[in-house]
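Asker: I am attaching a structure below and will ask some questions about it afterwards.
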Amino acid sequence: MTEALALHPDRLFPAEERTRGIARDLYDSVRDLPIVSPHGHTDPVWFANNDPFANAAELLLTPDHYLLRMLYSQGVPLDRLGVATVDGKTASDPREAWRCFAEHYYLFRGTPSRLWLDWIFAEIFGLEIRLSAETADLYFDRIDAALQTAEFRPRALFDRFNIEVLATTESPLDTLEHHRAIRESGWDGRVITAYRPDPVVDPDFPGFSDNLRRFGEMTGEDVSNFGDYLRAHEKRRAAFREAGATSTDHGHPTPFTADLSRPEAESLYSTILGGDFSAQDAELFRGQMLTEMARMSLDDGMVMQIHPGAHRSHNPWLLQEYGRDKGADIPIPTEYVRNLKALLDRFGNEARLTIILFTLDETTYSRELAPLAGHYPALRLGPPWWFHDSPEGMQRFREQATETAGFYNTAGFVDDTRAFLSIPARHDVARRMDCAFLTRLVAEHRLDEDEAFEVARQLAYDFVKQAYAL
Amino acid sequence: MTEALALHPDRLFPAEERTRGIARDLYDSVRDLPIVSPHGHTDPVWFANNDPFANAAELLLTPDHYLLRMLYSQGVPLDRLGVATVDGKTASDPREAWRCFAEHYYLFRGTPSRLWLDWIFAEIFGLEIRLSAETADLYFDRIDAALQTAEFRPRALFDRFNIEVLATTESPLDTLEHHRAIRESGWDGRVITAYRPDPVVDPDFPGFSDNLRRFGEMTGEDVSNFGDYLRAHEKRRAAFREAGATSTDHGHPTPFTADLSRPEAESLYSTILGGDFSAQDAELFRGQMLTEMARMSLDDGMVMQIHPGAHRSHNPWLLQEYGRDKGADIPIPTEYVRNLKALLDRFGNEARLTIILFTLDETTYSRELAPLAGHYPALRLGPPWWFHDSPEGMQRFREQATETAGFYNTAGFVDDTRAFLSIPARHDVARRMDCAFLTRLVAEHRLDEDEAFEVARQLAYDFVKQAYAL
Amino acid sequence: MTEALALHPDRLFPAEERTRGIARDLYDSVRDLPIVSPHGHTDPVWFANNDPFANAAELLLTPDHYLLRMLYSQGVPLDRLGVATVDGKTASDPREAWRCFAEHYYLFRGTPSRLWLDWIFAEIFGLEIRLSAETADLYFDRIDAALQTAEFRPRALFDRFNIEVLATTESPLDTLEHHRAIRESGWDGRVITAYRPDPVVDPDFPGFSDNLRRFGEMTGEDVSNFGDYLRAHEKRRAAFREAGATSTDHGHPTPFTADLSRPEAESLYSTILGGDFSAQDAELFRGQMLTEMARMSLDDGMVMQIHPGAHRSHNPWLLQEYGRDKGADIPIPTEYVRNLKALLDRFGNEARLTIILFTLDETTYSRELAPLAGHYPALRLGPPWWFHDSPEGMQRFREQATETAGFYNTAGFVDDTRAFLSIPARHDVARRMDCAFLTRLVAEHRLDEDEAFEVARQLAYDFVKQAYAL
């Protein structure tokens, strides 16, 4: 039995008719605004080469850790989903993987993945029946056929999605050649990079010593001393700025920051370089580097993003067999008030600096993040992230952060995704949920209607451009 | 002045008429499904002997820690409620206790106890006016009269409640004689046991050494060494399996787990046996035993339940005067990501194992539990427990867990109660609240209606049978 | 462009028409009840002298840390807002400060400050257009003119606000002269004090040694020994009782309590007096003094309030330049179950004692506070405080605390404000939100309508009088 796939025009709006009318009007006013995607993990090579995407499974399933996670949790082996092991073996071919996914599509009921995928199926590929075991091949073939056509090439989709600017994220060790290729291609899509220095900042990062060595080679700096190491960062930041970057990104286990004296920092750096460092040394170095990065941001104007609080690769067997980013990262309790103090003591009062805070620990919205962002000029709140980039997650964020931080200390929507096709779907969910929140304020006479329209536009478009200096 | 007692057929459904219609339809489809109660604390002797229950106070008030807690918090001495002191004195007779309860019934406004009790009064005893000081005697007499009749004997109520299976919880030291009596009685009600080894696993359990000694005697094992101690568990687990058990239950202070080498575990066990152990030793032993229990579960197929995070008997004066389980257990912050790691590193990838996690710390729903259950094949989420087994608690659970764990990593409803008469009321609240949640998804076009009906049935009936292997 | 300012009569009520009708009826029944304000920070000199208030900026902007916080977070220097530096310089005159505020009034969209201020503007000053850059002068002039008139003097406003009793908060070192002046003035407004001993109890309080010295002088006690130090407290408590006090208030960093033996406490006091104490000593002393205060409360009947969990003056630069209470206090995670244990072990079972607990950590509502208050006779829950004194904050409190603590272990509404003109607005928000919560219970048939009316009145008026012994 097959069921219709139809996106309801009023999805995610409150059910009550009069209130829904307000939501509709607000949403109509922002629906067609361009997409600004200031932070994410799409691959610049797509836009540099503009090659066709491979097939449904490799495009939509295998790289999506939200999907792998859920399917794996219900006993589906990653082999069946076409995920390669670290030694490169892939047990399932793409069509088989897709069929397995389709059989289990019911698992995503009530999750944001379902909303995003249904949008992709209906809006991008024009599918009109629901994905299921019965329709798996139909989907696979229809998507396959579409991907062969010019309209489904990366640049064509970028234009069709009405993307004004899209940021990717690169390591300091990246040559940025794809971004150069994009700029030199004559195509007018704006794809920029962002500076994510974890591989050369986090002593626990895989391959840290080798990374440092290459960092020195790329920059011509003698990274065996702290001063030159910092200069190497400055040089790469300048190169990233040339490739359009307006932001840096820091994925630390905690938001701990430090502000050591120069001799202390130099000595710590030596310890780290020596390789015989404790977990505490590593944490201290990461914390010191956040403060150094803030200092550099004051000079070069780059916005800082801090994404803390994930226990990466919680499942050692999975890491060993299939590698990172397969859905085994788990949030941990995160503390901001004491952890950020060193950095804020130094730079928190700088209105020229923008640090955007993210969290995987929702308890911090009302307790820590909104009070901090509602006071320090240097702070802004990023939108709900990762597990919380979902209708309920967005509602909780607005309900818990707005009364203390206001709307104006928030940074607009960030999709943070590697799933390129889902970008419009994610922005659409965010716009709908923000309009639904504003609708409630209007319906309960907590905000005037003219103000709600202004804020709706700011949440959908203006704030993100301001916060990310785009 | 007396007021009517009338259960509204649409209770707990959203107020808006069109939406309420969806809720009604969903609920109608699950209302009459049999009750599966896979975990609780009813007394098997009730069903073995089928004697009449005593009276309203001894049946409904004195054993209910939810009621004692609230009344005590408002200055009502436990003596007045007919609660015996540890040396056996009871100050108030049942009718007096009931009157005192009735006078204070208004205290339960807005609490789940009120919902459960009103259901019991109206549906089981046919009462049509609200409980109050004025109606206390009427209630007492009406209930008394009913309890003398055959239709109010335990087995008759069991049948009337449409219970398909009911699990009680026993210590390894229990002879299981009542379960044997039930099976041999010819009555066809399915009452099974569950294995709760805390008395011989938790070194801080009252009477631990004596318990161990009896554990050895019952099993014929020399529990002075770790290997035979584990074998004693295996024997009792086998006996429990014969008495129908499909699950074990672990009520530890934290979900800490350990995976020691065999010599380390043996050495720790010796330390514990010696009696001169630290709090840390006790925690380590409990943690090690969770991993041992998981190993045994892989062999015998028993589902593990972990119920962590209660500070038991927080009030020492009350404990001394009246004993345990009088409403003085208080939740504490609970951490799962690091605590469960040893067990998950060992067995988390086993799809044949089911570990059902419960919590008293709601902050872990979206931060830890849903991400863990949304990844590890061995994990499922238990429903809201204890303080959170309530309409708002259930709503928060679905709102905070579903988007990351989905519906399919949850384990259906568990009443976990010793209040036998409240079982249908509790399942009714759960079914209504789950339907209300699904209703919102349907009304906001986040889930198709055909899917909502399927999920409603799964939440009410299928999931619990699957999760508990019933 | 100017927009109308109009308070909607149904503001904060649910939008759906039938449900809104219930809310309207409930609210109508409590709207005109007198205001009981049992705890706050208004200045008694206002009522003693009855001088006119200065101007819009000095009355409504400069002392309001909610406003300063938000404006500062968006880069507005405190100088521009007329805030004096610690050395007394004020860069901006009141009208300029007001204009700056008006320009940025949009920042408060969606915050409770906006609700309170609009109420003040519309209800007290009769303004009918929204505050903005264009209307800044009109507002300033209109408010200025009003403040010159007799109807806007403090006592006249007190009467107009229908305040039955208003408590201020004083240090033990306060002479209470203004309260004496009020009592001797012949004016019949009831303005009472409350005992806030932090300056002589918290070793980390600025000027602690000097404070202790003056404490000894005022009481004629030799505060160099613990026994006389306690006696000094007893004397000041008695003096405060004469000035109407029915409560004490304790603003500690944590709710840690201790119950040392007398020799231990004496020894600790000596260490503290010696000045060479650790952070742990200071915490232990504060904890011990909470227990001592509880003991005194059992004697003199004063209700204890505990307000823990703020990291005060998180921004050292701001503290140095502008001093305390400028919006840089940030909540931290707070633990109650273990921290309160020493005090509760000693006095938790005393029904004659009332300890009202507040929190800035909402995660404790359902996990710790409701279970504690739902058990211990000595405990009551204060309403949402500070950052959480807001519509969403109030809704979360009722949703998360009621099912476990009931309504009857809560203490009514406390405005806790120094912004005198906002008092009726804050009580109005609380009454509306409580009615909205009750409305949902009624609409979903979780509470009968007659009970909702009774509870509405209790939440608005009765509970606070009972809890604070007024």
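Asker: In the stretch A:108-121, is there at least one residue being more than 14 Å from chain B (Cβ to nearest Cβ) and at pLDDT below 95?
Answerer: No, because not a single residue in the stretch A:108-121 is more than 14 Å from chain B (Cβ to nearest Cβ) and at pLDDT below 95.
Asker: Restrict the check to the stretch A:432-441 and report whether at least one residue is under 23 Å from A:I355 (Cβ atoms), in contact (Cβ under 8 Å) with a residue 12 or more places away in the chain, open to solvent by less than 10 Å² (accessible area, probe 1.4 Å) and more than 10 Å from chain C (Cβ to nearest Cβ).
Answerer: No, there is no match, as no residue in the stretch A:432-441 is under 23 Å from A:I355 (Cβ atoms), in contact (Cβ under 8 Å) with a residue 12 or more places away in the chain, open to solvent by less than 10 Å² (accessible area, probe 1.4 Å) and more than 10 Å from chain C (Cβ to nearest Cβ).
Asker: Surrounded by fewer than 23 Cβ atoms within 10 Å (Cβ to Cβ), more than 28 Å from the chain's Cα centre (by Cα) and more than 9 Å from every other protein chain (Cβ to nearest Cβ): is that true of C:E444 in this structure?
Answerer: no
Asker: Cβ contacts < 7 Å: first residue more than 25 Å from B:S313 (Cβ to Cβ), restricted to the stretch B:247-262; second residue of a type in the set (S, T, Y) and buried (at least 22 other Cβ atoms within 10 Å of the Cβ), any location; separation 6+ or different chain. Result?
Answerer: Here the result reads B:S247/B:Y468, each pair linking the stretch B:247-262 to a residue that is of a type in the set (S, T, Y) and buried (at least 22 other Cβ atoms within 10 Å of the Cβ).
Asker: Considering (1) assigned by TED's automatic domain parsing to the domain that holds A:G323; (2) of a type outside the set (K, R); (3) open to solvent by less than 10 Å² (accessible area, probe 1.4 Å), say which one A:L71 fails and leave the rest.
Answerer: (1)
Asker: A follow-up question, please. When you look at A:V455, is it touching a Phe, Trp or Tyr at 6+ places or on another chain (Cβ under 6 Å), β-branched (V, I, T) and open to solvent by less than 10 Å² (accessible area, probe 1.4 Å), yes or no?
Answerer: Answer is yes for this residue.
Results for (1) more than 13 Å from chain B (Cβ to nearest Cβ); (2) acidic (D, E); (3) crowded, with 24+ Cβ neighbours inside 10 Å; (4) within 15 Å of the chain's Cα centre (by Cα), shown as yes or no for each residue.
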{"residue": "A:L353", "(1), (2), (3), (4)": "yes, no, no, no"}
{"residue": "A:L360", "(1), (2), (3), (4)": "no, no, yes, yes"}
{"residue": "A:T364", "(1), (2), (3), (4)": "no, no, yes, no"}
{"residue": "A:L372", "(1), (2), (3), (4)": "yes, no, yes, no"}
{"residue": "A:P377", "(1), (2), (3), (4)": "yes, no, no, no"}
{"residue": "A:R380", "(1), (2), (3), (4)": "yes, no, yes, no"}
{"residue": "A:W385", "(1), (2), (3), (4)": "no, no, no, yes"}
{"residue": "A:E399", "(1), (2), (3), (4)": "no, yes, no, no"}
{"residue": "A:Y408", "(1), (2), (3), (4)": "yes, no, no, no"}
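Asker: What residue, among those in the stretch C:5-30 that are hydrophobic (A, V, I, L, M, F, W, C) and within 24 Å of C:L117 (Cα to Cα), is farthest from the other protein chains (Cβ to nearest Cβ)?
Answerer: This residue is C:V30.
Asker: Test B:E403 against the criterion of being crowded, with 23+ Cβ neighbours inside 10 Å, in a helix (DSSP H, G or I), of a type in the set (D, E) and without any contact (Cβ under 8 Å) to a residue 60 or more places away in the chain, and give yes or no.
Answerer: Criteria met by B:E403.
Asker: Then there's this: Checking the conditions here, which among B:G348, B:G327 is within 14 Å of chain A (Cβ to nearest Cβ) and either more than 17 Å from B:T254 (Cα to Cα) or open to solvent by less than 20 Å² (accessible area, probe 1.4 Å) (or both)?
Answerer: Result of the check over B:G348, B:G327: B:G348.
Asker: Look at the stretch A:102-125 and say how many of its residues are touching a residue at least 12 places away in the same chain (Cβ under 8 Å), assigned to a loop (DSSP other than H, G, I, E, B) and not hydroxyl-bearing (S, T, Y).
Answerer: Number of matching residues: 2.
Asker: Please count how many residues of the stretch A:305-324 are part of a helix (DSSP H, G or I) and open to solvent by less than 40 Å² (accessible area, probe 1.4 Å).
Answerer: 2
Asker: Please find, within the stretch B:77-100, the residue that is nearest to B:A328 (Cα to Cα) out of those that are of a type outside the set (G, A, S), out of contact with any helix residue (DSSP H, G or I) (no Cβ under 7 Å at 6 or more places or on another chain) and part of a loop (DSSP other than H, G, I, E, B).
Answerer: For the stretch B:77-100, the residue satisfying everything is B:P77.
Asker: Determine, yes or no, whether C:A133 is closer than 30 Å to C:D428 by Cβ and part of a loop (DSSP other than H, G, I, E, B).
Answerer: Yes, satisfied.
Asker: Please specify each residue of the stretch B:221-257 satisfying the condition of being of a type in the set (A, V, I, L, M) and either buried (at least 17 other Cβ atoms within 10 Å of the Cβ) or at positive phi (or both).
Answerer: Result: B:V223, B:L230, B:A232, B:A239, B:A243, B:A245.
Asker: Name the one entry in C:A91, C:A97, C:A56 that is more than 13 Å from chain A (Cβ to nearest Cβ), farther than 30 Å from C:I192 by Cβ and modelled with pLDDT of 95 or more.
Answerer: Just one listed residue meets the conditions, C:A97.
The values are calculated or read from the model by the stated rules, or taken from the named source; none is laboratory data. Every value quoted in this text rests on a predicted model; they were computed, and no experiment measured them. Note: ideal-geometry Cβ built from the backbone for every residue, glycine included; neighbour counts use all protein chains shown. Keep in mind that these areas ignore ligands, DNA and RNA; they rest on the heavy atoms of the full protein, side chains included. Shrake-Rupley method; radii C 1.70, N 1.55, O 1.52, S 1.80 Å.
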